[in-house]
1. Among the residues of the range 107-130, are any loosely packed, with under 12 Cβ neighbours inside 10 Å, β-branched (Val, Ile, Thr) and farther than 20 Å from Ala23 by Cβ?
2. Residues in the range 84-121 that are under 16 Å from Asp156 (Cα atoms), in contact (Cβ under 8 Å) with a residue 12 or more places away in the chain and part of a loop (DSSP other than H, G, I, E, B): how many?
3. Return the residues of the range 137-169 that are touching a Leu at 6+ places or on another chain (Cβ under 7 Å) and under 12 Å from Asn39 (Cβ atoms); say none if nothing qualifies.
4. It is to be established whether one or more residues within the range 42-62 are among the small types (Gly, Ala, Ser), modelled with pLDDT of 95 or more, surrounded by 13 or more Cβ atoms within 10 Å (Cβ to Cβ) and assigned to a loop (DSSP other than H, G, I, E, B).
5. I want to confirm something. Restricting to the range 1-22 and keeping residues that are touching a residue at least 12 places away in the same chain (Cβ under 8 Å), part of a helix (DSSP H, G or I) and aliphatic (A, V, I, L, M), which single residue is least open to solvent (accessible area, probe 1.4 Å)?
6. Being out of contact with any strand residue (DSSP E or B) (no Cβ under 9 Å at 6 or more places or on another chain) and among the hydroxyl-bearing types (Ser, Thr, Tyr): is that true of Ser87 here?
7. Which condition breaks for Gly147 when tested against (1) assigned to a loop (DSSP other than H, G, I, E, B); (2) in contact with an Asp or Glu (Cβ under 8 Å, 6 or more places away or on another chain); (3) touching a residue at least 60 places away in the same chain (Cβ under 8 Å); (4) closer than 24 Å to Leu25 by Cα?
Amino acid sequence: TGSLALLQEYYAQLYSGTYMRSATLKGLAIHTVNEAGVNPGPDYEYGWGLLAVDKAANLITRNDGQEYIIDELNLVENDSIVIKVNSDGLSPLVATICWNDVPGNPAPISLNPEDLMLVNDLDMRIYDSDENEYLPWILDPENPDNGATFGDNFRDNVEKIEITEPVAG
């Protein structure tokens with residue numbers, strides 16, 4: 001918590017006293033984590049990974065709207081937002097969205113309820129110049145020991161896409 005508060009303070013120093021929304025801070029933390037666990041991506045043991053405050057602060061510093069983008073947007077129902085980015089073809093391309101969802105209907109008290117509670121299911125996709133589609137990480141609660149795969153994340157309010165070897169352009 002202290003590390004996240006320091007990131008908020010640093011952001012406010014750079015951006016005229018403006019603080020990040022809670023979803024932005026959460027997205028930044030998830031976007032910049034260090035990998036943890038046996039398999040790449042999130043898992044049920046380590047979550048998204050280990051907090052990397054140095055990486056998050058570096059991203060805040062380099063938030064130039066070109067190579068690095070931290071943006072707080074509002075999405076209108078049934079609309080979409082398109083952001084064009086260029087890859088050098090050398091560095092991994094990583095994109096993360098995070099939002100505060102409205103409360104869903106609580107599931108009955110149980111261990112690991114299967115009820116979906118997400119009200120606003122936002123979807124993120126990345127397309128390269130050849131129209132190849134890249135999807136976010138997903139976990140399978142039926143097989144919690146399996147590594148994360150890529151697909152339509154309809155369970156939670158974070159979507160993260162990582163392309164380790166993107167095509168230049």
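The values are calculated or read from the model by the stated rules, or taken from the named source; none is laboratory data. The structure presented is a predicted model; accordingly, all values stated were derived computationally and were not measured. So basically every Cβ, Gly included, is an ideal-geometry build from the backbone, and we count neighbours across all protein chains shown. Keep in mind that these areas ignore ligands, DNA and RNA; they rest on the heavy atoms of the full protein, side chains included. Shrake-Rupley method; radii C 1.70, N 1.55, O 1.52, S 1.80 Å.
1. Yes, because at least one residue in the range 107-130 is loosely packed, with under 12 Cβ neighbours inside 10 Å, β-branched (Val, Ile, Thr) and farther than 20 Å from Ala23 by Cβ.
2. 15
3. Answer for the range 137-169, where residues must be touching a Leu at 6+ places or on another chain (Cβ under 7 Å) and under 12 Å from Asn39 (Cβ atoms): just Ala148.
4. So far as the range 42-62 goes, yes, one or more of its residues are among the small types (Gly, Ala, Ser), modelled with pLDDT of 95 or more, surrounded by 13 or more Cβ atoms within 10 Å (Cβ to Cβ) and assigned to a loop (DSSP other than H, G, I, E, B).
5. Residues of the range 1-22 that are touching a residue at least 12 places away in the same chain (Cβ under 8 Å), as a first pass: 3-4, 6-8, 10-11, 14, 20-22.
Filter once more, so that each one left must be part of a helix (DSSP H, G or I): 3-4, 6-8, 10-11, 14, 22.
Subsequent filtering for residues that are aliphatic (A, V, I, L, M) retains 4, 6-7, 14.
On the way: Leu4: 53, Leu6: 110, Leu7: 4, Leu14: 81 Å².
Across the range 1-22, the extreme among qualifying residues is Leu7.
6. Values: out of contact with any strand residue (DSSP E or B) (no Cβ under 9 Å at 6 or more places or on another chain): no; among the hydroxyl-bearing types (Ser, Thr, Tyr): yes.
It is false that Ser87 is out of contact with any strand residue (DSSP E or B) (no Cβ under 9 Å at 6 or more places or on another chain) and among the hydroxyl-bearing types (Ser, Thr, Tyr).
7. If we test Gly147 against (1) assigned to a loop (DSSP other than H, G, I, E, B); (2) in contact with an Asp or Glu (Cβ under 8 Å, 6 or more places away or on another chain); (3) touching a residue at least 60 places away in the same chain (Cβ under 8 Å); (4) closer than 24 Å to Leu25 by Cα, just (4) comes out false.
Each row is one residue, and each column tells you yes or no for (1) part of a loop (DSSP other than H, G, I, E, B); (2) open to solvent by less than 90 Å² (accessible area, probe 1.4 Å); (3) of a type in the set (Phe, Trp, Tyr).
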{"site": "Thr24", "(1), (2), (3)": "no, yes, no"}
{"site": "Gly27", "(1), (2), (3)": "no, yes, no"}
{"site": "Ile30", "(1), (2), (3)": "no, yes, no"}
{"site": "Gly65", "(1), (2), (3)": "yes, yes, no"}
{"site": "Asn74", "(1), (2), (3)": "yes, no, no"}
{"site": "Val82", "(1), (2), (3)": "yes, no, no"}
